[in-house]
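*Asks:* First the structure, which I've put down as structure tokens, then a few questions once you've had a look.
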Amino acid sequence: MRKSFLQSSWSRKAAIGSILTALCIGFALTACGDDGSSSPKGTGLPAEVGDMAELETYECGMDVIGEKVYVTELEENYECDGEKWFKSYDQTKPSSTKSSASKDTDGSCDSRATDKDGSSSDATTSSSSAKSSSSRPTEILEPEITVNETCTEVGACDAMVKTDISTWHFVRKDGFDRDMEYIYFVEGTQLMVKTIDYKGVEDIDTLKVYSDMTNEISQEYAFNAAKSTCKNGGGNDNKIKSCVKDTVKTLPKCNTNLEGVIGIDTTGIKVICRENEWQIDVEYGSLMDDRDGQSYKIVKIGDQWWMAENLNYADSIATPSLSGKSWCFNNEPDSCTKYGRLYTWAAAIDSVAVYDDGDGVNCGFHAGSCTLPEKVRGICPSGWHMPDTTEWNTLFDEVGGKGDAYGFSVLPAGYRHDDDGFLNDDDYATEFWSVTVYGDISAYVMRVSRVRGILDFAIMVHAFSVRCLKDDP
């Protein structure tokens with residue numbers, strides 16, 4: 001029976017991906033410095049270059065990752081991520097930059113910065129412009145690239161790897177307790193060893209006993225012999241240091257300078273800097289349905305206010321569209337209390353109210369000839385409406401598919417199949433009606449599981465949950 005439902009109503013699935021535009025955001029800070037030119041850094045990079053063409057003459061590699069160079073023409077810092085130069089999130093101007101501040105005739109520093117158009121603004125004020133959270137910032141701060149380096153030390157003998165002859169390299173003592181360097185290599189199939197004595201004199205010997213280094217047995221014997229030579233001569237006392245660099249992305253530390261700034265964390269969730277910590281960018285509230293006095297939790301995600309609980313409105317006298325078209329799962333009242341009610345599409349859009357002129361008598365089942373208004377309140381409380389597919393897409397674009405992480409609170413409410421009765425989805429998903437029609441007898445639903453949301457469609461006589469969306473102010 002489950003198969004027939006899938007064949008008739010679950011097809012043409014379209015997975016929703018998160019579409020998040022990441023823009024760089026910086027804060028201009030004013031510093032005082034002398035009139036000298038940029039001085040080279042320890043890495044060989046200058047503190048300042050004239051333009052991007054000059055910057056590109058400096059290689060951006062792992063040895064200079066995280067280093068910043070100020071580009072005078074653009075008046076911006078650029079940073080190396082290990083492969084290329086990108087506009088840095090840290091736009092603090094270097095002290096050697098002349099445009100950062102000016103000196104008064106008495107030698108003191110002017111605390112006001114000059115804008116491009118020649119006007120001046122207080123640097124402290126401009127640098128804290130992102131602190132206000134009275135309106136949503138349009139910038140989105142991406143994680144910064146940081147590099148963690150982990151180093152380990154191991155004795156030269158222990159560092160030897162049987163399958164990597166380049167690691168057969170150590171310094172041991174000769175018969176007179178002087179340092180002798182050993183370097184093993186393969187020439188053709190023959191194992192060779194080069195020794196360098198304490199005076200730097202080189203000598204190369206052919207180790208004929210290991211004449212076929214393509215043979216695993218020869219490799220094994222040669223490795224054991226070389227390692228024994230190393231250890232017996234004290235080569236293990238020479239430590240070999242190896243370091244591994246791990247490039248990771250993290251948001252900068254949330255502080256007063258970033259108050260109110262929106263960021264994307266490493267899991268793709270949108271967060272906001274509040275009270276010196278990154279918090280999920282949501283706002284909570286409550287809704288009282290004046291029709292029956294029921295209260296619902298609501299949540300603001302992005303610019304939308306959504307019900308954070310499934311609708312549980314059931315007055316079929318005041319709303320005739322509900323008569324025989326809404327249920328508690330398994331007809332158990334406690335299920336309605338926990339999961340809300342299940343509604344057919346006709347009940348959800350309140351088809352009687354929408355088509356009170358009598359022309360839409362069949363709407364809600366055969367909807368091909370039905371024309372809905374631009375916004376449909378349906379059975380939602382006053383000031384709220386049934387969402388369409390565009391509004392569902394907006395929600396999941398905002399949260400990257402992670403509705404639960406944003407307080408949307410998806411529970412496995414199940415559904416009612418017109419022929420097969422009450423069913424639960426195998427992957428604990430819940431379906432919510434959309435007001436948008438698909439074909440003659442179907443409408444779109446948003447199918448939300450624990451990991452993602454996808455747009456689907458279902459026959460209008462099946463019954464699913466309803467979430468309402470607040471009307472635009």
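*Asks:* Taking residue 353 as the residue in question, decide whether it is in contact with a strand residue (DSSP E or B) (Cβ under 9 Å, 6 or more places away or on another chain), outside any loop (DSSP other than H, G, I, E, B) and closer than 24 Å to residue 457 by Cβ. Steps first, answer last, please.
*Replies:* Values: in contact with a strand residue (DSSP E or B) (Cβ under 9 Å, 6 or more places away or on another chain): no; outside any loop (DSSP other than H, G, I, E, B): yes; closer than 24 Å to residue 457 by Cβ: yes.
It is false that residue 353 is in contact with a strand residue (DSSP E or B) (Cβ under 9 Å, 6 or more places away or on another chain), outside any loop (DSSP other than H, G, I, E, B) and closer than 24 Å to residue 457 by Cβ.
*Asks:* Quick one: which of 158, 164, 179 is farther than 30 Å from residue 247 by Cβ and at pLDDT 80 or above?
*Replies:* Values: 158 fails: farther than 30 Å from residue 247 by Cβ; 164 fails: farther than 30 Å from residue 247 by Cβ.
Among 158, 164, 179, only 179 is farther than 30 Å from residue 247 by Cβ and at pLDDT 80 or above.
*Asks:* Only one of these conditions is not met by residue 163: (1) among the polar types (S, T, N, Q); (2) surrounded by 12 or more Cβ atoms within 10 Å (Cβ to Cβ); (3) within 16 Å of residue 212 (Cβ to Cβ). Which number is it?
*Replies:* So residue 163 meets the others, but not (2).
*Asks:* Can you say whether residue 314 is at pLDDT below 95 and either open to solvent by 10 Å² or more (accessible area, probe 1.4 Å) or among the hydrophobic types (A, V, I, L, M, F, W, C) (or both), as far as the supplied structure shows? Talk me through it step by step, then tell me what you get.
*Replies:* Numbers: at pLDDT below 95: no; either open to solvent by 10 Å² or more (accessible area, probe 1.4 Å) or among the hydrophobic types (A, V, I, L, M, F, W, C) (or both): yes.
It is false that residue 314 is at pLDDT below 95 and either open to solvent by 10 Å² or more (accessible area, probe 1.4 Å) or among the hydrophobic types (A, V, I, L, M, F, W, C) (or both).
*Asks:* While we're on this one: Considering region 50-89 alone, what residues qualify as being exposed (fewer than 13 other Cβ atoms within 10 Å of the Cβ) and either without any contact (Cβ under 8 Å) to a residue 12 or more places away in the chain or hydroxyl-bearing (Ser, Thr, Tyr) (or both)?
*Replies:* 53, 57, 59
*Asks:* Please verify whether region 239-252 includes one or more residues that are at pLDDT 85 or above and either open to solvent by less than 50 Å² (accessible area, probe 1.4 Å) or in a helix (DSSP H, G or I) (or both).
*Replies:* yes
*Asks:* Moving on to the next point. Residue check: is residue 159 of a type in the set (Gly, Ala, Ser) and over 51 Å from the mean Cα position of the chain (by Cα)? Walk me through it before giving the result.
*Replies:* Details: of a type in the set (Gly, Ala, Ser): yes; over 51 Å from the mean Cα position of the chain (by Cα): no.
Taking the combined requirement at face value, the residue does not satisfy it.
*Asks:* Could you grab me the full set of residues in region 317-335 that are crowded, with 23+ Cβ neighbours inside 10 Å and assigned to a strand (DSSP E or B)?
*Replies:* 326
*Asks:* Can you pull out the residues in region 207-238 that are part of a loop (DSSP other than H, G, I, E, B) and either within 47 Å of the chain's Cα centre (by Cα) or of a type in the set (Lys, Arg) (or both)? Before the answer, list the steps.
*Replies:* Of region 207-238, the ones part of a loop (DSSP other than H, G, I, E, B) are 207, 211-215, 233-234, 238.
Once the filter is applied, which keeps residues that are part of a loop (DSSP other than H, G, I, E, B) and either within 47 Å of the chain's Cα centre (by Cα) or of a type in the set (Lys, Arg) (or both), region 207-238 yields only 238.
*Asks:* Does region 101-123 include one or more residues that are modelled with pLDDT of 50 or more and either within 30 Å of residue 259 (Cα to Cα) or part of a loop (DSSP other than H, G, I, E, B) (or both)?
*Replies:* Here is the first cut: in region 101-123, the ones modelled with pLDDT of 50 or more are none.
Within region 101-123, not a single residue is modelled with pLDDT of 50 or more and either within 30 Å of residue 259 (Cα to Cα) or part of a loop (DSSP other than H, G, I, E, B) (or both).
*Asks:* Return the total of residues in region 280-301 being closer than 21 Å to residue 267 by Cα, part of a strand (DSSP E or B) and not β-branched (Val, Ile, Thr).
*Replies:* Qualifying residue count, region 280-301: 2.
*Asks:* Another question about this same structure. Can you tell me which residue among 204, 272 is under 30 Å from residue 171 (Cβ atoms) and either without any contact (Cβ under 8 Å) to a residue 12 or more places away in the chain or assigned to a strand (DSSP E or B) (or both)?
*Replies:* Details: 272 fails: under 30 Å from residue 171 (Cβ atoms).
Going through 204, 272 in turn, just one is under 30 Å from residue 171 (Cβ atoms) and either without any contact (Cβ under 8 Å) to a residue 12 or more places away in the chain or assigned to a strand (DSSP E or B) (or both): 204.
*Asks:* Go through the residues of region 336-350 one by one and say whether even a single one is part of a helix (DSSP H, G or I), over 41 Å from the mean Cα position of the chain (by Cα) and surrounded by fewer than 21 Cβ atoms within 10 Å (Cβ to Cβ).
*Replies:* We begin by selecting, within region 336-350, every residue part of a helix (DSSP H, G or I); these are 336-339, 345-348.
Now drop any that are not over 41 Å from the mean Cα position of the chain (by Cα), which leaves none.
No; the residues of region 336-350 include none that is part of a helix (DSSP H, G or I), over 41 Å from the mean Cα position of the chain (by Cα) and surrounded by fewer than 21 Cβ atoms within 10 Å (Cβ to Cβ).
*Asks:* Filter region 151-182 down to residues that are among the aromatic types (Phe, Trp, Tyr) and assigned to a strand (DSSP E or B) and give me whichever is farthest from residue 202 (Cα to Cα).
*Replies:* Filtering region 151-182 down to residues among the aromatic types (Phe, Trp, Tyr) leaves 168, 170, 176, 182.
Checking the rest, the ones that are also assigned to a strand (DSSP E or B) come to 170, 182.
Details: 170: 15, 182: 10 Å.
Across region 151-182, the extreme among qualifying residues is 170.
*Asks:* Here is a further query. For the structure I just gave you, tell me whether residue 358 is of a type outside the set (S, T, N, Q), buried (at least 22 other Cβ atoms within 10 Å of the Cβ) and at pLDDT below 90. Talk me through it step by step, then tell me what you get.
*Replies:* Numbers: of a type outside the set (S, T, N, Q): yes; buried (at least 22 other Cβ atoms within 10 Å of the Cβ): no; at pLDDT below 90: yes.
The answer is no for residue 358.
The values are calculated or read from the model by the stated rules, or taken from the named source; none is laboratory data. Not measured: the values here are computed from a predicted model. Neighbour counts are summed over all protein chains in view; Cβ atoms, including those assigned to glycine, are modelled from backbone coordinates with ideal geometry. For the accessible areas, the whole protein counts, side chains as well, though only heavy atoms, and no ligand, DNA or RNA atoms are used. Shrake-Rupley method; radii C 1.70, N 1.55, O 1.52, S 1.80 Å.
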